[in-house]
Every structure is written in structure tokens, then in C-alpha cells.
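K.L.:
Attaching a single structure in C-alpha cells format; questions to follow.
The values are calculated or read from the model by the stated rules, or taken from the named source; none is laboratory data. These numbers were taken from a predicted model, which means no experiment stands behind them. When we count neighbours, we look across all protein chains shown, and the Cβ atoms used for this are built from the backbone with ideal geometry, even at glycine. What goes into the accessible areas is simple: the full protein's heavy atoms, side chains included, and nothing from ligands, DNA or RNA. Shrake-Rupley method; radii C 1.70, N 1.55, O 1.52, S 1.80 Å.
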Amino acid sequence: KLISFGGKVGRGLFDITLGVLIAYFFFKHGTRVAVRIGNLSEKFGGARGRHILDIAKKTLIGVIYGILGTALAQGALAAVGFWVSGVPGAPFLGLMTFFLSFIPMGPPLIWIPAAFWLYNAGNVAWATFLGLWGLLVISSIDNFLKPYFISLGSDLPLLLVLLGILGGVMAFGFIGVFIGPTVLAVAYSLIIEWSSGREKKE
């Protein structure tokens with residue numbers, strides 16, 4: 001289990017490093033790439049191509065806001081839990097939780113050792129509280145907030161966003177958080193448009 005956990009953390013770090021490198025080149029040449037992609041979508045798809053590109057753009061923005069918003073919430077909730085249970089340096093540990101929230105299984109790397117520290121210090125009740133707070137609040141809120149924020153950036157239903165995130169992560173790792181909802185949003189939009197178009201013809 002420990003080897004498996006380390007593998008997940010290592011894969012998450014690799015995915016984030018790869019994402020940073022890709023983001024660097026996108027920021028450096030992003031304007032030209034965006035113009036060319038827009039021209040290609042308009043040339044081959046017309047108005048529908050522009051619409052699909054707009055859906056992908058909104059979904060990606062929603063994913064970014066979802067990741068940042070969830071990380072902020074996890075960091076703040078972790079800081080509150082550390083402060084209430086009497087762990088020293090609660091603001092700093094909350095900040096570390098914020099940064100580790102970008103890594104799969106990252107927040108437990110902070111609140112589990114803190115709970116063990118309380119237990120070894122003889123504060124069994126507060127150690128139990130922090131363990132439950134970390135498991136049920138800090139780590140679980142990621143499953144609700146992230147899909148909610150992403151659904152705000154697109155017309156994709158919340159359940160489909162959740163399925164897109166889970167499927168993307170299972171298939172591609174951390175990068176799948178971006179790929180899964182985007183592909184699902186484009187497919188969902190195409191299905192809605194084609195089905196509605198057929199209904200109008202009938």
C-alpha cells in the first residue's frame with residue numbers, strides 16, 4: 001500500500017511538471033496558437049466549430065477555477081482544523097495543504113502526520129477529531145467542490161462533470177482532470193445539437 005501510495009504521488013508530481021512545461025509553451029506562443037486554432041475551427045466547422053471551441057474554452061477555464069477554488073477551500077479548512085485541535089503553525093500547515101492539494105492524495109501528507117503528532121502527545125481526542133476532519137472534510141470536499149466549480153463554467157450537468165473527472169483521471173492521471181470534462185462537454189454539446197436538429201426536422 002505504501003508503494004502504491006508513493007507511486008500515485010510520484011505520478012501526480014510528474015503530471016504537474018509536464019503540465020507546467022506545456023503551460024510554459026502555451027503562454028509563450030499562446031496567442032498565435034489560439035488564432036490558428038480559431039481559424040481552423042472556423043474554416044472546417046463554421047459557426048458550429050466556433051461554438052465547440054468556445055465550449056472547450058469555457059470548460060477549461062472552469063477546470064482551472066475548480067482546481068484553484070478546491071485547493072483554497074482545502075487549505076482554509078485544514079488551517080481551521082489544525083488551529084482548533086491545537087497543532088502549532090496552523091496557518092503554515094494550511095498553506096502547505098493548499099499547495100499539496102494540486103497533487104493527488106496530497107492533503108493527507110499534512111493532516112495524517114499532524115494527527116499522529118497529537119496522538120503521540122497524548123491528545124487522543126483531538127487526534128481523533130483531526131483524523132475525522134481530514135478524512136471527512138479536507139479530503140472529501142474535493143469530490144464535491146471541483147465538479148461544482150467546473151459545471152459553472154459549462155452547460156454540462158454536475159453528474160457528467162464528475163464522471164468526466166473520474167474517467168479522465170483513471171485514463172490520463174492528473175492531466176485527465178482537464179481532458180475528461182472537456183471531451184465530455186464537447187461530446188454532450190454535439191449530441192444535444194444533433195438531437196435537437198433532428199427533432200426540428202421531424
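K.L.:
Under 18 Å from the mean Cα position of the chain (by Cα) and among the aliphatic types (A, V, I, L, M): is that true of Ile112 in this structure? Steps first, answer last, please.
P.N.:
Working: under 18 Å from the mean Cα position of the chain (by Cα): no; among the aliphatic types (A, V, I, L, M): yes.
Spelling it out, it is not the case that Ile112 is under 18 Å from the mean Cα position of the chain (by Cα) and among the aliphatic types (A, V, I, L, M).
K.L.:
Suppose the filter is crowded, with 19+ Cβ neighbours inside 10 Å and either modelled with pLDDT under 80 or touching a Pro at 6+ places or on another chain (Cβ under 8 Å) (or both); does Gly176 pass it?
P.N.:
Values: crowded, with 19+ Cβ neighbours inside 10 Å: yes; either modelled with pLDDT under 80 or touching a Pro at 6+ places or on another chain (Cβ under 8 Å) (or both): yes.
Considered against the rule, which asks whether it is crowded, with 19+ Cβ neighbours inside 10 Å and either modelled with pLDDT under 80 or touching a Pro at 6+ places or on another chain (Cβ under 8 Å) (or both), Gly176 comes out as yes.
K.L.:
Quickly run through the stretch 96-116 and pick out the residues that are over 20 Å from Thr17 (Cα atoms) and in contact (Cβ under 8 Å) with a residue 12 or more places away in the chain. First the steps, then the outcome.
P.N.:
Taking the stretch 96-116 first, the residues over 20 Å from Thr17 (Cα atoms) are 108, 110-116.
Result: Pro108, Ile110, Trp111, Ile112, Ala114, Ala115.
K.L.:
Here is a check on your reading of the model: is Gly86 open to solvent by less than 40 Å² (accessible area, probe 1.4 Å) and not basic (Lys, Arg)? If you could, list the steps in order and put the result at the bottom.
P.N.:
Values: open to solvent by less than 40 Å² (accessible area, probe 1.4 Å): no; not basic (Lys, Arg): yes.
For Gly86, the condition - open to solvent by less than 40 Å² (accessible area, probe 1.4 Å) and not basic (Lys, Arg) - is not met.
K.L.:
Same structure, new question: Six or more apart or on different chains, Cβ under 8 Å: which pairs go from a residue in the stretch 65-77 that's in a helix (DSSP H, G or I) to one that's among the charged types (D, E, K, R)? Could you list them?
P.N.:
If the second residue must be among the charged types (D, E, K, R), the pairs left are Gly66/Lys146; Ile67/Lys146; Gly69/Lys146; Thr70/Asp142; Thr70/Lys146; Gln74/Asp142.
K.L.:
Quick one: which residue in Phe102, Phe129 is open to solvent by 40 Å² or more (accessible area, probe 1.4 Å) and at pLDDT below 90?
P.N.:
Numbers: Phe129 fails: at pLDDT below 90.
One residue alone meets the criteria, Phe102.
K.L.:
Among the numbered criteria (1) touching a Lys or Arg at 6+ places or on another chain (Cβ under 7 Å); (2) crowded, with 18+ Cβ neighbours inside 10 Å, which single criterion is violated by Gly75?
P.N.:
Answer for Gly75: the failing condition is (1).
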